[in-house]
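Colleague: I'd like to ask you about the structure that follows.
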Amino acid sequence: WKSALVPWLARIPLRTGWIGEARYGLLNDHRRLDADRYPLMIERFMALGLPAGAELGEPYPVPRLAVDGDRRAELLTGLGLGGQGAVLALCPGAEYGEAKRWPAAYYAAVAGDALARGGRVWVFGSAAEAAVGDAIAARAPGTINLAGRTSLADAVDLLSAADRVVSNDSGLMHVACAVGVPVVAVYGSTTPAFTPPLGGRARALSLQLACSPCFQRTCPLGHLRCLRELQPDRVIEALWCGS
């Protein structure tokens, strides 16, 4: 209901939304969600931007982000990111909760493998993920931790300079897809059947256990098997297969 409260207080004349979460009285264009018709989150948002019952159209466009090439060059120099070798970008954060975060030790194993191949590794994230980036860099010396050192706009430009990306199901996963970089996306409590990485250069990995997806911030069973049993070798294989 909180997301509907702001447009109601602002007296926005047309307030469209799906019925549920106690927002009924705050909307004046009520829609009843047909989850079978709109299985993906992106489809549900797109449908709200169209007249009720309208077709989305197939195929609908996937998100694309424009990159500032001059700013990217500036950042590469200013942050000392020059060098030789393919760049692997790691995005180990997820604001939603720990049930979406693949273990830092697993990210470090992927980083170590990339470094052994002669590549470079950059870690992206907010200031809240800086400690995770430090933990990865400590286990995989040579990794550059950029978490908390860039704005979101700068992260967009720098991710476009990567050759490959490994990410949790997070905002940066979608950013990486939107700048056209090959992505391996790791899923725990969520599912690519609802929030998939969009575009033709992404691969989603999920163990699809009987208890998942639970969509919880922390594992309700306390074991976090959906992430702990998804071993680094599977991600490494997906990352370099066909390279």
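What follows is calculated from the coordinates using simple rules that are stated; it is not laboratory data. All values reported here derive from a predicted model rather than from experimental measurement. Note that we place each Cβ from the backbone using ideal geometry, even for glycine, and neighbour counts take in every protein chain shown.
Colleague: Before anything else, pin down the relative contact order of the range 95-208: Cα pairs under 8 Å, at least 6 apart, normalised by residue count, whole percent.
Modeller: 22 percent
Colleague: Out of (1) 15.3; (2) 13.4; (3) 18.2, which label holds the value of mean projected area of the Cα convex hull in nm² that was computed here?
Modeller: The value matching this structure is (1).
Colleague: A further question on this structure: Quick check: pseudo-label points 7 Å beyond the Cα along Cα→Cβ at residue 76 and residue 55, how many nm apart are they?
Modeller: 4.4 nm
Colleague: Please compute the modelled spin-label separation between residue 223 and residue 14, points set 7 Å along Cα→Cβ, answer in nm with one decimal.
Modeller: Once both label points are built, they end up 5.0 nm from each other.
Colleague: Which whole-Hz ³J(HN,Hα) couplings does the range 95-103 yield from phi under the Karplus relation 6.51 cos²θ - 1.76 cosθ + 1.60, θ = phi - 60°, glycine and proline marked x?
Modeller: With coefficients 6.51, -1.76 and 1.60, one gets 4, 4, x, 5, 6, 10, 9, 4, x Hz.
Colleague: Can you give me the distance in nm between label points at residue 126 and residue 34, each placed 7 Å from the Cα along the Cα-to-Cβ direction?
Modeller: 3.7 nm
Colleague: Quick one: among 112, 69, 93, which has the greatest mean-square fluctuation in a GNM of the chain with alpha-carbon springs under 10 angstrom?
Modeller: 69
Colleague: In what sequence, highest mean first, do 19-30, 128-139 appear when ranked by Cβ atoms within 10 angstrom? Don't skip to the end; give the middle numbers.
Modeller: Numbers: 19-30: 12.9, 128-139: 18.0.
Per-residue mean Cβ counts within 10 Å order the peptides as 128-139, 19-30.
Colleague: Would you mind checking the tilt of helix 130-139 against the longest principal axis of the Cα atoms of the chain, expressed as 0 to 90 degrees and rounded to 10?
Modeller: Once rounded, one gets 30 degrees.
Colleague: Given a cut-off of under 8 Å on Cα pairs at least six residues apart, what relative contact order in percent is computed for the chain?
Modeller: In percent, rounded to a whole number, it is 18.
Colleague: Tell me, what HN-Hα J-couplings in whole Hz come from the Karplus equation 6.51 cos²θ - 1.76 cosθ + 1.60 at θ = phi - 60° for each residue of the range 121-127, using x for Gly and Pro?
Modeller: Here the 3J(HN,Hα) series is 10, 10, 9, 10, x, 7, 4 Hz.
Colleague: For the chain, with a Gaussian network of springs between Cα atoms less than 10 Å apart, report the residue from 228, 71, 15 with the top mean-square fluctuation.
Modeller: Maximum among the listed residues: 15.
Colleague: Normalised by the number of residues in the range 21-123, what is the relative contact order in percent for Cα pairs under 8 Å and 6+ residues apart?
Modeller: Details: 48 pairs, mean separation 21.8, N = 103.
Result for the range 21-123 is 21 percent.
Colleague: Gaussian network model of the chain, Cα springs within a sub-10 Å range: biggest mean-square fluctuation belongs to which of 218, 77, 150?
Modeller: Maximum among the listed residues: 77.
Colleague: Now for a different question. Search the structure for amide H atoms under 5 Å from the amide H of residue 203, placed 1.01 Å from N in the peptide plane, and list their residues when 5 or more places away or on another chain.
Modeller: Answer set, sorted by chain and number: 183, 184, 185.
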